[in-house]
Every structure is written in structure tokens, then in C-alpha cells.
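**Student:** Starting off with a structure, shown below.
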Amino acid sequence: MSYYDFLHEDTRNRLASLVWDCMIVDECHRIKNRKAQMTKGIKQVSAARKVALSGSPMEKTPADLWSILNFLDAFEFPAYWGWVMSNLEVTSGYFEKYKIGKPKDAEEFGRLLEPFMLRRTKEEVAPELPERIMIEQHVAMTPQQEVLYNTIREQTDIEVKVAGKTLRITNALTMITRLMQVSSLPASLDLDAPSGKIAWFEDFRKDHEDEPTVVFTRFRATALHIANQFGCGLWIGGEKREVGSTGLLVGTIDSMGEGLNLQWAKNAVFIDSHWSTIKMTQAVDRIHRIDIKEPKNIFLLWSCREDKLVLDALSNKWSDAELVYYFLQQAAEDSDDTVRGDL
């Protein structure tokens, strides 16, 4: 057995030097990028039988499936663009050259996948599974926090100066991230200001003190702040602290979104959300798992329009390019000036 993160060149070479009876790739959506070195390395390993496991094999479009199918049977699925053009709708995109859409014929596409895919939903495997309650919760920013947010939002140049500091905005996605950081915790940008979301969570803990809760955030600084303020468990890359008696664990979505069993928690609070549907689905699935005995509450906090935009992107499964398009469209509506940005 080997972890993805340990698949360095020497490890891949040792694995590829043998022909294995069976190769099982868990979390196989991680090889959906056919150009990634990790994907190429895994496909170098030979095996008589191959099994790919994932709770979310398709993140945005059916094209995500090709690399997994190519791993399972490279003879049946040899060429990416030939497969895409034959089976999927392809149009011109906003910023990318092509926009890949849904299957041309859903029934035919299903028949194509049937020999290679065995799908089991939670409803089929565990119909007794208690529900998960998704709650979008608006949280007002503090006045000082809102001033910082508006200062950054109104800037359309590459350099933004806030509170005597210069922030370099390299592209629109980075701008969205910066604005979300301010709405999460200004300290994420080394800016000294209180956070409405942290204040909301403080009140939440007072009302739910006896309920085990896991907190997700996109930002390391936010996770560290909550861990230090509430004395709770921490799970981020390179640093882990035990949950202890607080019944509270905080970590980043990237760190806690895979491999952990968090079904002991009654509540999951997303201080901010990730625009990757797969990462969000996996994070929610850490708490809403088979064998749970009670409903789970999932709180999705949002304070600024970028937070809400990311929630909309998740609901509509927008691509990054579509997210940027709607972000710039909203920015243009707020200004008579032409919105500029390095895309």
C-alpha cells in the first residue's frame, strides 16, 4: 500500500517493476487530471486487475471520467479528445478554448460506462442513514472588517494598498480568495480587525457547548486562530492537536477533506467554502457517513458576495472560468469603469 503523497519517482519505479495481481486506487478522482505527474506515475504500474474507488469521480463535467477510464482500460479509452468529441457536447468557452458539457446522448453514455462502473448511493447502501441538514447562514461583517473588504473590492488594479500594506492581485481567482479571506479573518492577510464569522461561532459554541463540532475553513490562519481561541483540536498540514475534552476540531478543507472519520461530530461548520465540488462533498462526507445514528447539521457561513458566489458555484457546478466570469460581471455592475484583471 502507498499513499498518493508518497508516490515519489523511486516509489513509482519500484511499483512499476512488477506486474501486480490487483491494483486498487482509492480516492481515484485524484487521477482525473491526465497531465499530472502523479497520474502518469500511477498509470505506469501494471496489474492484471484494476479497481478504482471514489465517492465523487466526476467533479465538474463527464470529461473528468476519461482519465479514470483510461487507467482501467487504456486500450478501450486511448485518446482523450477523440473520446470527448465523440461522446460529449463541446462549445466555445468564456476564457478557455473549449467548454465541455453534458453527454450528447445520456442513455448511450450510460451504456458506455456500464461495463466499467458500479455505482452505489448512500440511499441504496444505507437507506436508514439519518439526513444531513444543510444551512446557509449569512453572517454580517464587523464595521472595520467591511471597510477592509470594500477597500480591496473597489480596487481593480494589480496592486491593492490596504492599511499601509501592499497586496499583489495576480488574477481574478486570487482576488476572490483575498476577499474571502477578509470575510473569514482579516488576520489571514495580516490585517488587524475582528471577524464577524468568528464572533458568530463564539455565540454558536455557547448555545451548542455540549454538541461535538468540527470546523472547516479554507485558510490556515483561520484554523490556527480558532484552535488557539477555543483551545480545541487542530488538523492542518504539518500540525495536529488532539480534540481533547472540548469536543471541537478545526482544520482546513484540504487537510481534513479526505481520509478522516468525523462521524462523532453532530455539527459541521464551514467558516468559508471551497469552490471545488469534490473537496466540499468529501468534507461533508467526513461527518455524514454510514453507521451514524442522528441527523447532522451542516452550516455554510457567508458574509460577502464572493462567499455566496462560491456557494452558487457549488450548487451549479460552475467551472473556475465561469466563477471568474460571474465575479467580473458583478464587479462591472458595481462600477462605471472597465473592470481590469490579469486572467
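**Student:** How high is the relative contact order of the chain? Use alpha-carbon pairs under 8 Å, at least six apart in sequence, and give a whole percent.
**Tutor:** Values: 526 pairs, mean separation 53.3, N = 343.
Answer for the chain is 16 percent.
**Student:** Next question. Determine the alpha carbon to alpha carbon distance for each of Lys32/Lys104; Lys206/Lys293; Lys50/Lys279; Lys50/Lys104; Lys279/Lys317; Lys40/Lys60 and list only those over 18 Å.
**Tutor:** On the way: Lys32/Lys104 21 Å; Lys206/Lys293 24 Å; Lys50/Lys279 24 Å; Lys50/Lys104 28 Å; Lys279/Lys317 12 Å; Lys40/Lys60 21 Å.
In this structure, Lys32/Lys104; Lys206/Lys293; Lys50/Lys279; Lys50/Lys104; Lys40/Lys60 lie more than 18 Å apart at Cα.
**Student:** Under a point-charge model restricted to the Cβ atoms of Lys and Arg (+1) and Asp and Glu (-1), what is the dipole moment magnitude of region 132-333 relative to its Cα centre, in debye to the nearest 20? Please report the intermediate quantities before stating the final value.
**Tutor:** Details: 22 positive and 27 negative charges, 60 e Å.
That gives region 132-333 a dipole magnitude of about 300 debye.
**Student:** Relative to the longest principal axis of the chain, what angle (0 to 90°, nearest 10) does the C-alpha long axis of helix 320-333 take?
**Tutor:** Helix 320-333 and the main axis of the chain meet at about 30 degrees.
**Student:** Please figure out what share of the DSSP beta bridges in region 132-333 is antiparallel and state it in percent, rounded to the nearest 5.
**Tutor:** Working: 7 of 30 bridges.
Beta bridges within region 132-333, antiparallel portion: roughly 25 percent.
**Student:** How large is the dipole of the chain about the Cα centre if only Lys and Arg carry +1 and Asp and Glu carry -1, each at its Cβ, rounded to the nearest 20 debye?
**Tutor:** On the way: 42 positive and 51 negative charges, 189 e Å.
So the magnitude is around 900 debye.
**Student:** If you don't mind, another one. Could you sort 274-282, 132-140 so that the peptide with the highest average Cβ count within 10 Å comes first and the rest follow in order? Kindly include the intermediate steps, with their values, before the conclusion.
**Tutor:** On the way: 274-282: 20.6, 132-140: 13.7.
Top to bottom by mean Cβ count within 10 Å: 274-282, 132-140.
**Student:** Still on this structure, please answer the following. May I ask you to sort Thr142, Thr217, Thr252 by Cβ crowding, counting other Cβ atoms within 10 Å and putting the fewest first? Please report the intermediate quantities before stating the final value.
**Tutor:** Numbers: Thr142 17, Thr217 28, Thr252 22.
Least to most surrounded, the residues fall as Thr142, Thr252, Thr217.
**Student:** Taking neighbour Cβ counts within 10 Å as the exposure measure, how do Met23, Met256 sort from fewest upward? Spell out each step's value before the answer.
**Tutor:** Numbers: Met23 17, Met256 23.
The order, fewest Cβ neighbours first, is Met23, Met256.
**Student:** Something else about it: By counting other Cβ atoms within 10 Å of each Cβ, how are Tyr149, Tyr80 ranked from fewest to most?
**Tutor:** Details: Tyr149 24, Tyr80 14.
Ranking Tyr149, Tyr80 by Cβ neighbours within 10 Å, fewest first, gives Tyr80, Tyr149.
**Student:** In whole angstrom, how far apart do the alpha carbon centroids of region 199-213 and region 54-102 sit?
**Tutor:** 43
**Student:** With +1 on each Lys and Arg Cβ and -1 on each Asp and Glu Cβ, and nothing else charged, work out how big the dipole of region 4-119 is about its Cα centre, in Debye to the nearest 20. Show your work: numbers first, answer last.
**Tutor:** On the way: 17 positive and 16 negative charges, 53 e Å.
For this selection, approximately 260 debye.
None of the figures in this text is laboratory data; all of them are computed from the coordinates on show. Bear in mind that the values here come from a model prediction, so they are computed numbers and not experimental data. Note that each Cβ is placed from the backbone with ideal geometry, even for glycine, and that neighbours are counted across all protein chains shown.
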